[in-house]
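The next block holds one structure in the form of structure tokens; read it before the comments.
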Amino acid sequence: RKEVEQDPGPFNVPEGATVAFNCTYSNSASQSFFWYRQDCRKEPKLLMSVYSSGNEDGRFTAQLNRASQYISLLIRDSKLSDSATYLCVVNSGTSYGKLTFGQGTILTVHP
Amino acid sequence: GAGVSQTPSNKVTEKGKYVELRCDPISGHTALYWYRQSLGQGPEFLIYFQGTGAADDSGLPNDRFFAVRPEGSVSTLKIQRTERGDSAVYLCASSLGWGGGTEAFFGQGTRLTVV
């Protein structure tokens, strides 16, 4: 089983749609969780950290369920500019600085 | 301010040759990470440094791969006897701390092609 697994995608949605991505992780000792965004042929960039209480940043909401070991990202009112690959990232519980990335989920928002 | 800088941006090499990939982290960042990314995949962890020492090198695929960070800033990833399967984008990232909870900033990567 991979350490971090994501919805396979791709997701193709119209502008204005709400879309949700899920991610599961295998190491129950993991402490830090993130969503990164990667545009085509560009480097990954931090979208948001994920906290146990859940957190929101504008149209983006991230949630963490430690008991089930999954993380979610909700995007409301999708924009064309949201088209990208979304990467779920988890730090290793045993090697604290090691960040493990999921495969990524491709989102395409169309007019 | 300057971000993470990686050189070269592209490298084409023949199978069996030796290559070095360089990473200049953001000034003051103590943690430095190397990843490689193949098409359609997420970044795959190779190694990370806290200061000059490799804190975790469990992702290096075999002994042809080696990385150094002698003065705690610039890092070099070295690949000996390159193979076609080594072709990928090699990404470097740095962060302020090693705690795993701080944001990692990535460079634009070195695209390595082994022919």
Q. Given the convex hull over the Cα atoms of the range B:18-115, what projected area results after averaging over all orientations, in nm²?
A. 6.0
Q.
If R₀ is 22 angstrom, what is the calculated FRET efficiency for the pair B:Q108 and A:E15, using the beta carbon separation as r and rounding to 0.05?
A. 0.15
Q. Mind checking the dipole of the range B:15-86: about its Cα centre, +1 per Lys or Arg Cβ, -1 per Asp or Glu Cβ, Debye to the nearest 20?
A. 320
Q | Extension gain from A:H110 to A:E3, taking 0.36 nm per residue of separation minus the Cα-Cα distance | A | 35.3 nm
Q | Simple spin-label estimate for B:N62 and A:S81 in nanometres, 7 Å along Cα-Cβ | A | 4.6
Q: Report the calculated FRET efficiency for B:R81 and B:L39 (r = Cβ-Cβ distance, R0 = 30 Å), to the nearest 0.05.
A: 0.85
Q: With only alpha-carbon atoms counted, please give the Rg and Dmax of the protein assembly as shown, in Å.
A: 17.6, 51
Q. In whole Å, how far is the Cα centre of the range A:54-94 from that of the range B:1-47?
A. 26
Q. Of A:V4, A:S81, A:Q38, which is farthest along the charge dipole of chain A in the positive direction, counting Lys and Arg as +1 and Asp and Glu as -1 at C-beta?
A. A:V4
Q) Can you give the translational diffusion coefficient of chain A in µm²/s, computed by Stokes-Einstein from the Kirkwood radius over Cα pairs at 20 °C and 1.002 mPa s? A) 153
(Q) If the only charges are +1 at each Lys and Arg Cβ and -1 at each Asp and Glu Cβ, what is the size of the charge dipole of the protein assembly as shown around the Cα centre, to the nearest 20 debye? (A) 440
Q: Name the residue farthest towards the positive end of the dipole of chain B from the options B:Q50, B:P8, B:S75, assuming +1 on Cβ of Lys and Arg, -1 on Cβ of Asp and Glu, about the Cα centre.
A: B:P8
Q) Taking every residue in A:31-40, how many Cβ atoms of other protein chains lie within 10 Å of its Cβ, on average? A) 2
Q) Taking a label point 7 Å from the Cα of A:Y51 along the Cα→Cβ vector, which residues of the range A:20-37 have an amide N closer than 18 Å to it? A) A:31-36
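Readers should treat all values here as calculations from the given coordinates under stated rules, not as data from a laboratory. In this text, all values refer to a predicted model and were calculated from it rather than measured experimentally. Positions of Cβ are backbone-derived with ideal geometry, glycine not excepted, and every protein chain shown enters the neighbour counts.
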